[in-house]
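Contents: one structure, followed by commentary.
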Amino acid sequence: MSKFTSYRCSLCKTKYQPGQVTYTCPQDGGNLDVLLDYDGIREKYEPEDITSRADASLWKYAPLLPVSEIPGGGTPLHAAGWTPVFKMPLLADKLGLQQLWLKDESRNPTASFKDRASAIVVARAREIKAEVVVTASTGNAGAALAGMAAAVGQKAVIFAPKSAPPAKVAQLLVFGAKVMLVDGTYDDAFDLTIKASQEFGWYCRNTGYNPFTAEGKKTAAFEIWEFMQDVLGNTPFTVFVSVGDGNIISGIHKGFKDLLELGWIESMPRIIGVQAKGSAAIANALHAGTEEIVPVSARTLADSISVDLPRDGVRAVRAARDTGGTYITVSDDEILSAIAELGKVGVFAEPAGATSYAGLVKAAASGVVRSDEPVLVLNTGSGLKDVKAAMQAVIEAPVIEPTLEAVKKLL
Ligand SMILES: Cc1ncc(COP(=O)(O)O)c(C=O)c1O
Ligand SMILES: [Zn+2]
């Protein structure tokens, strides 16, 4: 029997059989949780059976995933995940924290966290024999889909806002996807993608719409669990994550919920979401004590998290609320400072990638995290994705004559 048993609507809790629905709840549009045969997994595996698997990718956790690995290994599809976790003593000192780690998702094959989701969705697309996979994207999800699809010869179509950073658009094109730049926002691209997928019968990967994206993203939770078990045992810790549509944070929450359901962890880590002030619909909902997501008119230089209506907002509120976490909002200036601070310790993050760290800076200063609380912060995307933003975070290098006098003058 497959490990994937059913979907359950996150709003009305109705269960659906795997073949019965594809995207969201037909009754209320709620995001669908993918449910696994937890009893079967528990009977078959001990945690060590998983952690001792040799695979240095997210496929290490294949027994806990609802899709099968596409045979043939060795492609970028198989290289997603298993990103490094670095100890950050210099930043910890600066923030007055005793223990701080950074998990660097820019090391994924297409340089962002989104590879996790796309690897799983492409595997699902192969299982259901989809001819074309389509997604709306601010850039990273599209690059990830284009790259993962290219790796296995799957056709991909990407709708991105025409304002997407050029490096991200270049990735889409180089990976050979059919790219359409939409004269509108990410939200416009999102709606168009759903219409196009209905019209042309394409399989839609949209974040916060396709239930399998969160299943890919939950693998980061498995990796964090495995790492923290080694260094901390069962000591509680806190995870900081940047939030746009809310699918990364809800995917990470789902990963820890799976582990709790299996009885492999005793408690959840605290999950703290960080949004840009100009794109904070989920933070607004959490702080208003509601799950009702009121759209905003998004404005932030962190393009990857610039979202009017977060598509996984309800589950994203719960990820923080139900784990004793919270939401923090940061200004664009604070995001730029975070890029510079991370750069000074050797980590190059795009604006959305550095947003989580910007939130941690605030949380440490305001006492939202205690000094003895172990913290792991995620960098979700590479600074090479958005060089223009990176240059706003630093002072430009001077151009000089090729003489020692010129050097001396500057020193
Ligand atoms: C680099 C980066 N960080 C964070 C996010 C936020 O993820 P989500 O939209 O699932 O909240 C994204 C989404 O595109 C991203 O590309
Ligand atoms: Zn429902």
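Summary of computed values
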read-out: Using θ = phi - 60° and Karplus 6.51 cos²θ - 1.76 cosθ + 1.60, couplings along the range 77-82 (whole Hz; Gly, Pro as x); value: 4, 8, 9, 5, x, 6
read-out: Cα centroid of the range 102-153 to Cα centroid of the range 1-65, whole Å; value: 19
read-out: C-alpha center-to-center spacing [the range 333-392, the range 187-208] in angstrom; value: 32
read-out: Distance cut-off 15 Å, percentage of C-alpha pairs in the range 280-322 lying past it; value: 35
read-out: The range 181-306: translational diffusion in µm²/s, Stokes-Einstein, Kirkwood Rh over Cα pairs, 4 °C, 1.567 mPa s; value: 79
read-out: Rounded to 5, the percent of DSSP beta bridges in the chain classed as antiparallel; value: 30
read-out: Compactness of the range 22-164 - radius of gyration and Dmax, Cα, Å; value: 17.8, 52
read-out: Global geometry of the range 244-371, whether rounded, prolate or oblate, following the gyration tensor of its Cα atoms and the 1.5 cut on a/c; value: oblate
read-out: The chain: DSSP helices with Cα axial extent of at least 15 Å and average Kyte-Doolittle hydropathy no lower than -0.5; value: 114-127, 140-152, 186-200, 212-232, 247-261, 332-344, 351-366
read-out: Residues with amide H under 5 Å from that of Cys204, placed H, sequence gap 5 or more; value: Val134
read-out: Built amide H within the under 5 Å cut-off of Gln99, gap 5+; value: Val375
read-out: Karplus-derived 3J(HN,Hα), 6.51/-1.76/1.60, for each residue of the range 54-60, Hz, glycine and proline x; value: 7, 4, 8, 7, 5, 6, 3
read-out: Extension gain (nm, one decimal) between Lys13 and Thr290, 0.36 nm per residue minus Cα-Cα; value: 97.9 nm
read-out: Sparse-neighbour loop sites [trypsin sites (Lys or Arg not before Pro); the range 1-67; at most 12 other C-beta within 10 Å; DSSP]; value: Lys13
read-out: Ser371 versus Gln98: modelled label distance in nm, points set 7 Å from Cα along the beta carbon direction; value: 1.0
read-out: In sequence order, calculated HN-Hα J values of the range 393-401 (Karplus, 6.51, -1.76, 1.60; Hz; x Gly/Pro); value: 8, 9, 8, 4, 6, x, 9, 10, 5
read-out: Computed [θ] at 222 nm, helices only, for the chain once each DSSP H run of length n ≥ 4 contributes -39500 (n - 2.57); value: -12000 deg cm²/dmol
read-out: Efficiency of FRET between Tyr38 and Thr235 - r from beta-carbon atoms, R0 22 angstrom, step 0.05; value: 0.30
read-out: Sorted by Cβ density within 10 Å, fewest first, the residues Leu102, Leu260; value: Leu260, Leu102
read-out: Surface/4 of the Cα convex hull for the range 29-93, nm²; value: 8.2
read-out: Tail fraction, Cα-Cα pairs, the chain, threshold 31 Å, whole percent; value: 34
read-out: Cut-off under 5 Å, modelled amide H: who pairs with Val347 long-range; value: none
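Computed from the coordinates by the stated procedures, all read-outs in this text should not be read as laboratory data. Model, not experiment: these values are computed from the prediction. Counting neighbours? That spans all protein chains shown, and the Cβs are built from the backbone with ideal geometry, glycine included.
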